[in-house]
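The values are calculated or read from the model by the stated rules, or taken from the named source; none is laboratory data. Computed from a prediction, not measured in an experiment: that's the story for all the values here. Cβ: placed from backbone, ideal geometry, glycine included. Neighbour counts: every protein chain shown. For accessibility, only protein heavy atoms count, side chains too; no ligands or nucleic acids. Shrake-Rupley method; radii C 1.70, N 1.55, O 1.52, S 1.80 Å.
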Amino acid sequence: MGLLHEIKPSFSGHETFPLRHGWLEKAYHAVVKYDQNPFTEDSAIAEFGVGKNMVSAIKYWSIATGFLETDRDKICASSYSRALIENERDPFLEDLDSIWKIHYELVKNPSNTTAHWLFSYFNENVFDRNLVVSRMTDFLKLHGLKEPAEKTLLTDINVTLANYCASNSSTRREDDIGSPLCELKLVRRGEDNRFVFNLGNKRSLSQELFLECLVNFWERENKRLGQNINSFKLEDLLHEPLTPGRIFLLSEKELAERLEAIEEVSQGALIWSETAGISEVRKTNHYDHQNLSKKWLCKQ
């Protein structure tokens, strides 16, 4: 069951506001400007130009996406937000690969329970809100995790889906500037209030970020199983929780293509093998998970 058993499930904190364009950058600059927690200052409402509840939402999403990090009472910029903004790699978060990174950081964190579960455990490609409520409730019961009130869960599901799927034009508010995660087109609206996962090609997703996800999953499994795993089959990386296949909604074809090219981006630390009908990625003697997981940070 991955990481969910290690944390207390959470379904609130966003004040019912999905992430919006500009929030993460604004939060970053406020933290750097004040060198402390800018969300508790009396001037926070004026600083962010929004109401109190929305200030709380900005703080929530900044931490949920790993853009900001907490250390006791202090809030500081993360290494990846500094790589994007301080180093002027993508200061306005206009590059889709930056948005993929934000998605990855959000989903891999089990504290963001609905997003984490939706992109790692949910096994339907076409669904409505009621099905998500039912399946998630069953999942929480099965693993002895505390269930929220149905209204709380439904609200959190609505907010999560709004992050990835823009509102209908008929229901969109004038001040709704949307979530940057919508640009990934991971979820689209179907008929009869249904939603559909997009399993099409993710051409804007860099191999460096794909590699980071793969290596972090590898190390997590080493720790969970208490052993040094030397290879993973294609099927495992397509279906297991927190794998690149699940988090990025990759098709089997695209996942295979990315793994076939893994030797180049990993500089020989990982290789792709197809022997006796078994397709798998393997470690070599050059494998160093710390260096490999920093490939995205060092990407120019």
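Among residues of segment 124-147 being at pLDDT below 95 and in a loop (DSSP other than H, G, I, E, B), the one that is least open to solvent (accessible area, probe 1.4 Å) is 145.
Are there any pairs, at least 6 apart or on different chains, whose C-beta atoms fall under 7 Å, with the first in segment 253-270 and within 15 Å of residue 209 (Cα to Cα) and touching a residue at least 24 places away in the same chain (Cβ under 8 Å) and the second exposed (fewer than 13 other Cβ atoms within 10 Å of the Cβ) and not hydroxyl-bearing (Ser, Thr, Tyr), and if so, which? Short answer, once both residue conditions are applied: 254/201.
Please enumerate the residues belonging to segment 230-252 that are over 19 Å from the mean Cα position of the chain (by Cα) and either open to solvent by less than 20 Å² (accessible area, probe 1.4 Å) or closer than 26 Å to residue 106 by Cβ (or both).
Of all residues in segment 230-252, those over 19 Å from the mean Cα position of the chain (by Cα) come to 230-236, 252.
Residues satisfying the conditions are 232, 234, 235, 236, 252.
Going through segment 27-56 one residue at a time, which ones are of a type in the set (A, V, I, L, M) and either part of a loop (DSSP other than H, G, I, E, B) or in contact with a Gly (Cβ under 8 Å, 6 or more places away or on another chain) (or both)?
At the first step, the residues of segment 27-56 found to be of a type in the set (A, V, I, L, M) are 27, 30-32, 44-46, 50, 54-55.
Result: 45, 50.
If I ask for residues that are outside any loop (DSSP other than H, G, I, E, B) and surrounded by fewer than 20 Cβ atoms within 10 Å (Cβ to Cβ), which ones from segment 84-110 would you list?
Start the filter on segment 84-110 by keeping residues that are outside any loop (DSSP other than H, G, I, E, B), which leaves 84-86, 96-108.
Once the filter is applied, which keeps residues that are outside any loop (DSSP other than H, G, I, E, B) and surrounded by fewer than 20 Cβ atoms within 10 Å (Cβ to Cβ), segment 84-110 yields 86, 96, 97, 105.
Scanning segment 225-259 for residues that are acidic (Asp, Glu) and closer than 19 Å to residue 289 by Cβ turns up 236, 240.
Of all positions in segment 58-73, none carries a residue that is surrounded by fewer than 20 Cβ atoms within 10 Å (Cβ to Cβ), among the β-branched types (Val, Ile, Thr), at pLDDT below 90 and not in a helix (DSSP H, G or I). The condition (being more than 27 Å from residue 165 (Cα to Cα) and at pLDDT 95 or above) is satisfied by just one residue among 203, 282, 246, 194: 282.
Looking only at segment 174-221, count every residue that is on the phi > 0 side of the Ramachandran plot and touching a His at 6+ places or on another chain (Cβ under 8 Å) and tell me the total.
The initial filter retains those residues of segment 174-221 that are on the phi > 0 side of the Ramachandran plot, namely 178, 185, 192-193.
Retained after the next criterion (residues that are touching a His at 6+ places or on another chain (Cβ under 8 Å)): 178.
Count: 1.
Tell me whether segment 179-188 contains one or more residues that are open to solvent by less than 10 Å² (accessible area, probe 1.4 Å) and of a type in the set (S, T, N, Q). There is at least one residue in segment 179-188 that is open to solvent by less than 10 Å² (accessible area, probe 1.4 Å) and of a type in the set (S, T, N, Q).
The single condition among (1) of a type in the set (Ser, Thr, Tyr); (2) in contact with a strand residue (DSSP E or B) (Cβ under 7 Å, 6 or more places away or on another chain); (3) open to solvent by 20 Å² or more (accessible area, probe 1.4 Å) that residue 43 does not satisfy is (2). For the condition open to solvent by 30 Å² or more (accessible area, probe 1.4 Å), over 21 Å from the mean Cα position of the chain (by Cα) and hydrophobic (A, V, I, L, M, F, W, C), residue 256 does not qualify.
Of all the numbered requirements in (1) in contact with a His (Cβ under 8 Å, 6 or more places away or on another chain); (2) touching a residue at least 60 places away in the same chain (Cβ under 8 Å), residue 125 misses one, and that requirement is (1). When segment 271-300 is filtered for residues that are within 15 Å of residue 236 (Cβ to Cβ) and open to solvent by less than 50 Å² (accessible area, probe 1.4 Å), the ones remaining, listed by number, are 272, 273, 279, 280, 281, 283.
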